[in-house]
């Protein structure tokens with residue numbers, strides 16, 4: 001469903017992704033709306049698409065799927081729009097003077113006769129030009145937000161697209177819709193591909209094939225893989241784009257020459273055969289940097305080594321009323337002897353006990369222990385964060 005109204009007040013807005021909670025005023029009621037609303041200010045007129053939901057703590061809310069920016073129509077709405085900081089250099093008092101002078105024609109003046117703004121006291125010709133340019137630029141941003149909806153890119157990604165492509169984003173996307181794959185995560189490749197084909201791009205177009213290759217690699221990384229077996233990638237792209245093997249292979253070479261991907265030969269441990277893998281360049285560089293830092297760390301002086309580690313392990317066992325297995329003791333000793341150690345094992349194999357033992361030993365020796373993990377829960381030990 002859709003509702004039309006005005007942003008009354010913004011309760012919360014995330015600066016990074018523009019997730020917003022706001023009070024929204026329609027002709028019928030005032031309601032709380034939640035969702036991604038980039039480039040929004042109080043007083044903005046919007047058409048919201050979504051549905052009403054019942055929040056367990058905050059009651060009835062309108063959950064936004066997408067939205068359209070509406071240019072304010074009445075003199076009062078225009079004044080509020082200008083007074084809320086939408087246009088650089090215009091505050092509350094100047095907004096009143098502008099609307100008092102031009103009334104319902106204010107928007108027309110900004111867009112088509114900006115020099116007339118200099119008729120108002122306090123606005124020079126240069127300032128009039130700057131304000132009009134800012135007004136038009138802001139409106140262009142809204143056109144970008146609406147345009148991106150055609151590509152299945154929601155408002156949460158629109159700000160990133162605008163930041164990277166600027167006010168000419170629509171023109172650039174129309175020339176090459178596939179650039180969206182490099183910019184926004186989670187885009188619908190098939191929808192972008194259909195629109196590109198409708199615009200006249202041929203099936204074996206270089207941009208299309210290269211984008212299909214990148215899309216295949218991105219999908220793989222989303223599943224936790226930093227690289228893909230080349231032959232598997234080729235088969236995926238052929239199926240995705242309905243192109244010939246040569247088209248994919250030629251564009252793999254081109255992407256490699258342009259340093260957008262990395263091709264790496266590896267020897268299969270089991271068969272001894274040479275196999276070729278494909279990385280997105282950013283992932284290859286990240287892995288390379290990680291490997292470099294691990295090697296440097298491993299070669300550094302061991303500043304944490306504790307003498308008589310056997311004695312320290314027994315002490316922890318006694319104080320904790322636990323008995324480590326031989327494998328667990330071996331792991332603790334390896335950590336003590338080396339700067340870099342990888343400990344693996346399924347649930348219930350004793351990894352947490354090993355970590356706790358290591359922490360206890362080092363804290364007993366007055367050393368500071370810092371834990372890092374993907375989740376907050378993984379960093380906890382006895383309800384303390386390290």
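When the helices (runs of 4 or more DSSP H) confined to the stretch 83-181 are screened for residues that are under 27 Å from residue 201 (Cβ atoms), those reaching at least 1 such residues are found at 125-148, 155-165, 169-175. Restricting the search to the stretch 216-233, which residues are under 21 Å from the mean Cα position of the chain (by Cα) and either closer than 18 Å to residue 246 by Cα or not in a helix (DSSP H, G or I) (or both)? The answer is 216, 223, 224, 225, 226, 227.
Listed here are the residues, each with its yes/no results for (1) part of a helix (DSSP H, G or I); (2) in the same structural domain as residue 335 (by TED's automatic domain parsing).
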position	(1), (2)
276	no, no
289	yes, no
293	yes, no
298	yes, no
303	no, no
317	yes, yes
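From the list 316, 332, which residue is farther than 30 Å from residue 224 by Cα, surrounded by 15 or more Cβ atoms within 10 Å (Cβ to Cβ), touching a residue at least 24 places away in the same chain (Cβ under 8 Å) and out of contact with any strand residue (DSSP E or B) (no Cβ under 9 Å at 6 or more places or on another chain)? Walk me through how you get there before you give the answer.
Values: 332 fails: farther than 30 Å from residue 224 by Cα.
The match here is 316.
Scanning the stretch 190-230 for residues that are under 17 Å from residue 255 (Cβ atoms) and touching a residue at least 24 places away in the same chain (Cβ under 8 Å) yields a total of 20. Before we move on, is residue 43 buried (at least 19 other Cβ atoms within 10 Å of the Cβ), in a strand (DSSP E or B) and at positive phi? Criteria not met by residue 43. Being more than 30 Å from residue 178 (Cβ to Cβ), modelled with pLDDT under 90 and in contact with a strand residue (DSSP E or B) (Cβ under 7 Å, 6 or more places away or on another chain): is that true of residue 83 here? No: the conditions fail for residue 83.
Considering only residues in the stretch 7-22 that are farther than 19 Å from residue 68 by Cβ and free of Cβ contacts under 8 Å to residues at least 24 places away in the same chain, the one that is surrounded by the fewest Cβ atoms within 10 Å (Cβ to Cβ) turns out to be 15.
The values are calculated or read from the model by the stated rules, or taken from the named source; none is laboratory data. Since the structure is predicted, the reported quantities are computational estimates derived from the model, not experimental observations. Positions of Cβ are generated from backbone atoms using ideal geometry, with glycine treated the same way; all protein chains shown enter the neighbour counts.
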